[in-house]
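Asker: My structure is below; once you've seen it, I'll send some questions.
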Amino acid sequence: MEPECQSAVIQAEGLRFRWREGEPDVIAIDSLEIRRGEAVFIAGQSGGGKTTLLNLLAGVLKPTAGRLCVLGADLAAMPNARRDRFRSDRIGFVFQSFNLVPYLSLLDNVLLACRFSPRRRERIAAAGSDPATEAARLLARLGLDVKALAGRDVARLSTGQQQRVAVARALIGRPDLVICDEPTSALDADARDAFLALLNAETAAAGATLLFVSHDRSLAPAFDRTIVLSDINRPGEAKR
Amino acid sequence: MNAPLLSLALKSLINRKATAILTIAAIALSVTLLLGVEKVRSGARDSFANTVSGTDLIVGARGGAIQLLLYSVFRIGDASNNISWQSYEELRAWPEVAWSVPISLGDAHRGFRVVGTTAGYFEHLRYGRRQALSFDAGQPFADLFDAVIGADVARELGYVVGDRIVLAHGAGAFAVQSHDDKPFTVFGVLARTGTPVDRSVHVSLAAIEAIHVDWQSGRPPRPGQAVSAEAARAMALQPKAVTAVLVGLKSRMAAFAVQRRVNTYADEALLAILPGVTLQQLWDAIGGLEKALFAISVMVVVTGFMGMTAVSLGALNERRREMAILRSVGARPREIFLLLVVESGGLAAVAAAVGAAMLYGGIWLARPFVQSQFGFHLPAGGLSAYELALLGLVVLAGCASGALPAYLAYRRSLADGMAVRR
Ligand SMILES: Nc1ncnc2c1ncn2[C@@H]1O[C@H](COP(=O)(O)OP(=O)(O)OP(=O)(O)O)[C@@H](O)[C@H]1O
Ligand SMILES: [Mg+2]
């Protein structure tokens, strides 16, 4: 009998993932636990499996073996459609770069998260607001002048501005977990520090757990805890 | 569940305006062609079937049945032989025959065929649903040099009752020998029928004799041998032959028997046809062409969609990032698939609507031209059930051509997750 999923945000045991049958495991993590409200930094070199791990945690990829609990739900056992729903309701995601859908406006890019998630809409409504107002509020808190930028093609925003829009999208409707895949690698040092401070403050204000991966270890001090991926992940040889 | 998808698809298409518009234009044109071929086909068929009705048999000199139908009814081509007046006299006296209308072809007036006939023509000829001919102005010819013209002749040449016209020998617009010594007076103008009658000039059989009275073996009179119009009036203008005879029977049951009797007539090689049967044969003969046209227009539509698929495949790589973002906010791979299918289907639906609109606009503009050049009426009407079904198929084909890129995107988002590298 497998143990029930606990209240920890992430709990993995014997987690294995390989892209294709016969290829070596890219992810082989015996144990990983992240507690609620933590801001965790996962450091790892390029090709080390950071993005793959985040895809597993976000329920986009399904583990090849092992147990994976995210926010109390057994992701490994969850059917595909429910994992997609789960992600849209509970997890915000920020990519390394090019986070915005080019044909949507600034506001629509943020609202995209609400479109696929009734739960986010309900949470905004419960707080006595509506999605558009909430999106504008978040963008303003992230230092974007919505009125001035509203009419602008999103592809014309600066990289830093685009990343902040992506954070607003991740945070809208108060998801429980925000996952960032190297969101600062395209920013210069000043912009990066400002971005990290904002990200930390806003996820904390939203009451979300923050999971942040990067190959750049110098970012570590900005977080509560650092996990070095190569310490816990031991990718294997090809199996017959 | 798919309201967000619809709005995404719409915005994505608007974002790629130029490609979307070009794609729509290409497919809309092909749809116009497809519907147009279909329209012409059904219009031609109706027009065909409407050309002759109420005539039980058509008799001509022995030759091809379709040829006989073509020259006697459609006024296309010429007879290779005539029927002697004597045979005609015998035939009309057969007990089964209720009425008979002889016609004599071979002359023209400014590109319109001249039909020598009897007053019975205006009485017995039927078109469409057994409608009789009627006069817009004037009445059947009375005098030797009276002519009754069809509606198109009157409209195109601007003739009214009382105008004088000159006939020419030989058919077609390039008839060289003019009968200018014996001018005719327009005595009646027929109401429009939508059949070749509209494009005919009718005179009496005697008039045909009169204008050729001084001709010898098909050649104009030599100088000094010409006979004036006044002198011609005094001569015996008994026709020696006619080109064909339209026959109405007392009982249609007798049609086959009479047909057999004509075909085995001993004194002269004759041919009788049942117009309905021969019309069907003619239609079947043209049917091959009609099917080929239809097949070509279907190919053109398919080409349009292949272009669309190619464009959409080409854009797929560029859109990997967009798909990854959609996945990250919770879109299911199935929804990614649907998004692309809806985009293609939407383009196809707009193109189908634009194509249909262009066709109807085109018909509206082209109708007078087609009526005058080809003698049939382009039906405007609404979209027939068949045409609606065609348009539905076009939209389905649009969705289908979106399916390949959509499937690739679907596979990719399953296989790669959000791990998109650039
Ligand atoms: N879609 C895929 N199909 C097959 N193999 C893949 C796929 N995506 C990644 N991999 C492989 O998985 C391994 C881990 O890749 P991953 O993208 O997770 O690394 P990463 O730590 O995010 O690297 P980076 O810092 O460069 O983004 C690599 O060896 C990579 O080649
Ligand atoms: Mg990566």
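The values are calculated or read from the model by the stated rules, or taken from the named source; none is laboratory data. Only a predicted model underlies this, so the values are computations on that prediction, with no experimental measurement involved. Quick reminder, even Gly has a Cβ in these numbers, built from the backbone with ideal geometry, and neighbours come from all protein chains shown. For the accessible areas, the whole protein counts, side chains as well, though only heavy atoms, and no ligand, DNA or RNA atoms are used. Shrake-Rupley method; radii C 1.70, N 1.55, O 1.52, S 1.80 Å.
Asker: Assuming residue A:90 fulfils every condition listed in (1) away from ligand 1 (no atom under 16 Å from the Cβ); (2) in contact with a helix residue (DSSP H, G or I) (Cβ under 7 Å, 6 or more places away or on another chain) apart from one, which condition is it?
Answerer: (2)
Asker: Next up: Taking helices (runs of 4 or more DSSP H) that fall entirely within region B:248-341, which contain at least 1 residues that are within 19 Å of residue A:102 (Cα to Cα) and either assigned by TED's automatic domain parsing to the domain that holds residue B:407 or touching a Phe, Trp or Tyr at 6+ places or on another chain (Cβ under 6 Å) (or both)?
Answerer: B:275-318, B:320-328
Asker: Residues in region A:162-190 that are in contact (Cβ under 8 Å) with a residue 40 or more places away in the chain, more than 12 Å from chain B (Cβ to nearest Cβ) and away from ligand 2 (no atom under 16 Å from the Cβ): how many?
Answerer: Result for region A:162-190: 6.
Asker: Oh, and also: As an exercise: evaluate residue A:118 against (1) closer than 21 Å to residue A:54 by Cα; (2) surrounded by fewer than 22 Cβ atoms within 10 Å (Cβ to Cβ) and give the number of the one condition it does not meet.
Answerer: Every listed condition holds for residue A:118 apart from (1).
Asker: Quick check on region B:379-422: of everything there that is within 16 Å of ligand 1 (Cβ to nearest atom) and modelled with pLDDT of 80 or more, which residue is most open to solvent (accessible area, probe 1.4 Å)?
Answerer: The extreme case among them is B:411.
Asker: Any residue that is among the hydroxyl-bearing types (Ser, Thr, Tyr) and crowded, with 20+ Cβ neighbours inside 10 Å - is there at least one of those in region A:78-91?
Answerer: For region A:78-91, residues among the hydroxyl-bearing types (Ser, Thr, Tyr) and crowded, with 20+ Cβ neighbours inside 10 Å: present.
Asker: Please find, within region A:98-112, the residue that is nearest to residue B:332 (Cα to Cα) out of those that are touching a residue at least 24 places away in the same chain (Cβ under 8 Å) and open to solvent by 20 Å² or more (accessible area, probe 1.4 Å).
Answerer: In this case the residue turns out to be A:111.
Asker: When residues of region B:133-157 are filtered for being open to solvent by 50 Å² or more (accessible area, probe 1.4 Å) and more than 21 Å from the chain's Cα centre (by Cα), how many remain?
Answerer: Adding up the residues that qualify gives 6.
Asker: If we scan region B:345-366, do we find a residue that is within 14 Å of chain A (Cβ to nearest Cβ), more than 30 Å from residue B:245 (Cα to Cα) and open to solvent by less than 20 Å² (accessible area, probe 1.4 Å)?
Answerer: No: zero hits.
Asker: What are the residue pairs meeting all of these: first residue in region A:213-224, first residue within 19 Å of residue A:53 (Cα to Cα), second residue within 12 Å of ligand 2 (Cβ to nearest atom), Cβ atoms under 6 Å, and 6 or more apart or on different chains?
Answerer: These pairs meet every condition: A:213/A:42; A:213/A:50; A:213/A:181; A:214/A:182; A:215/A:45; A:215/A:46.
Asker: Quick one: how many residues across region A:128-145 are open to solvent by 30 Å² or more (accessible area, probe 1.4 Å) and at pLDDT below 85?
Answerer: 3
Asker: Could you list, in sequence order, all residues of region A:62-74 that are out of contact with any Cys (no Cβ under 7 Å at 6 or more places or on another chain) and under 15 Å from residue A:10 (Cβ atoms)?
Answerer: Those that are out of contact with any Cys (no Cβ under 7 Å at 6 or more places or on another chain) and under 15 Å from residue A:10 (Cβ atoms): A:63, A:66, A:67, A:68, A:70, A:71.
Asker: Sort out for me the strands (runs of 3 or more DSSP E) sitting completely within region A:39-130 that have 3 or more residues that are away from chain B (no Cβ under 12 Å) and over 17 Å from the mean Cα position of the chain (by Cα).
Answerer: Ranges flagged: A:65-70.
Asker: Out of the residues in region A:45-56 that are surrounded by 19 or more Cβ atoms within 10 Å (Cβ to Cβ) and within 9 Å of ligand 2 (Cβ to nearest atom), state the one that is nearest to residue A:73 (Cα to Cα).
Answerer: Here the residue is A:54.
Asker: Continuing with this model, one more query. Which count do you get for residues in region A:19-28 that are open to solvent by less than 20 Å² (accessible area, probe 1.4 Å) and more than 16 Å from ligand 2 (Cβ to nearest atom)?
Answerer: 2
Asker: What is the residue count in region B:78-93 for residues that are over 13 Å from residue B:205 (Cα atoms), over 26 Å from the mean Cα position of the chain (by Cα) and open to solvent by 30 Å² or more (accessible area, probe 1.4 Å)?
Answerer: 8
Asker: So, in region B:10-37, exactly how many residues are among the aliphatic types (A, V, I, L, M) and closer than 21 Å to residue B:389 by Cα?
Answerer: 11
Asker: Looking at region B:9-50, which of its residues are in contact with a helix residue (DSSP H, G or I) (Cβ under 6 Å, 6 or more places away or on another chain) and within 13 Å of chain A (Cβ to nearest Cβ)?
Answerer: Result: B:9, B:13, B:19, B:20.
Asker: Select from region A:188-216 the residues that are hydrophobic (A, V, I, L, M, F, W, C) and within 16 Å of ligand 1 (Cβ to nearest atom) and list them in ascending order.
Answerer: A:211, A:212, A:213
Asker: Looking at (1) away from every other protein chain (no Cβ under 14 Å); (2) open to solvent by less than 10 Å² (accessible area, probe 1.4 Å); (3) polar (S, T, N, Q); (4) within 16 Å of ligand 2 (Cβ to nearest atom), which one does residue A:209 not meet, given that it meets all the others?
Answerer: So residue A:209 meets the others, but not (4).
Asker: In region A:28-43, what count of residues is obtained for those that are farther than 18 Å from residue A:72 by Cβ and charged (D, E, K, R)?
Answerer: The total comes to 1.
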